Each structure stands twice: as structure tokens, then as C-alpha cells.
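Values quoted throughout were computed directly from the atomic coordinates according to the rules given, and no laboratory measurement underlies them. Quick caveat: nothing in here was measured; it's all calculated off a predicted structure. With ideal geometry, Cβ positions are generated from the backbone for all residues, glycine too; neighbour counts draw on all protein chains shown.
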Amino acid sequence: MSIDSYNRGSQQYTGVIDDEGDISVGMRTLQPDPGSYTWSNLSDNANAPDNACDITVSEQGNTLNVQVITTTGTVVETFCNVPGNELECTAPWTAVTPQPPA
């Protein structure tokens, strides 16, 4: 299991790998009080790894980048669009290039 969060202004983005290896990303507002998460299951995206073990999330502009490393050391990523207070996560997973050294 793994979790990572990123805050931008009044928004929080959280990536999670659960105990079954499913990969999800969620968002919620933080102001005036933390709201409920809206979750997207990224395990259904094309080429999703079935052996992810660690996750990180980052954001640039209106794009959320989700990267995971697998149990074999492969780093893969996908991107979500963030139009306003929504997450649109339909992009396939792709391996980063070059891969980190073994």
C-alpha cells in the first residue's frame, strides 16, 4: 500500500495504491473545511500496471501527473486533466524514458 498527496491552493490531490494493488487518485477542497474526496480508479486505464508498489502525484497547470513504480522497478505514468473541480483520468499508462538505473 502507498499514499501521496499534493496541495494546490484550496485543492488536495491524493494518490493511493490499496492492498489489492488498485491505483486511485482523488481530489477534494480544503476550504473552508476539508470536503469529501471524489475518486478515479486508474487501474482501469489502458496499460495499467498490476504490480504497482509506490505512487507519487504532482500538478502543473491543469494537469495532474501520477507516477508509480512497480515491484520490478519499472516507472510508469499517466496524466489527468483538471478542469475546475473535476478530474478527467482516461489517459493510458506509459513507461517513462529513460528508466532509472537498476
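Positive end of the charge dipole of the chain (Lys, Arg +1 and Asp, Glu -1 on Cβ, about the Cα centre): tell me which of N7, A48, P101 has its Cα farthest that way. Value: N7.
How large is the charge dipole for the chain, taken about the Cα centre, if only the Cβ atoms of Lys, Arg (+1) and Asp, Glu (-1) carry charge, to the nearest 20 debye?
In total the dipole reaches around 340 debye.
Each residue of the range 73-79 is assigned a 3J(HN,Hα), and the resulting list reads x, 7, 9, 10, 9, 9, 10 Hz, derived from the Karplus form 6.51 cos²θ - 1.76 cosθ + 1.60 (θ = phi - 60°), x at Gly and Pro. Applying a 4.7 Å cutoff between beta carbons, the unpaired cysteines of the chain are C53. One compactness figure for the chain is 1.05, namely its Cα radius of gyration divided by 2.2 N^0.38 Å.
Tell me, what is the percent relative contact order of the range 2-95, built from C-alpha pairs under 8 Å that lie six or more residues apart? Result for the range 2-95 is 22 percent.
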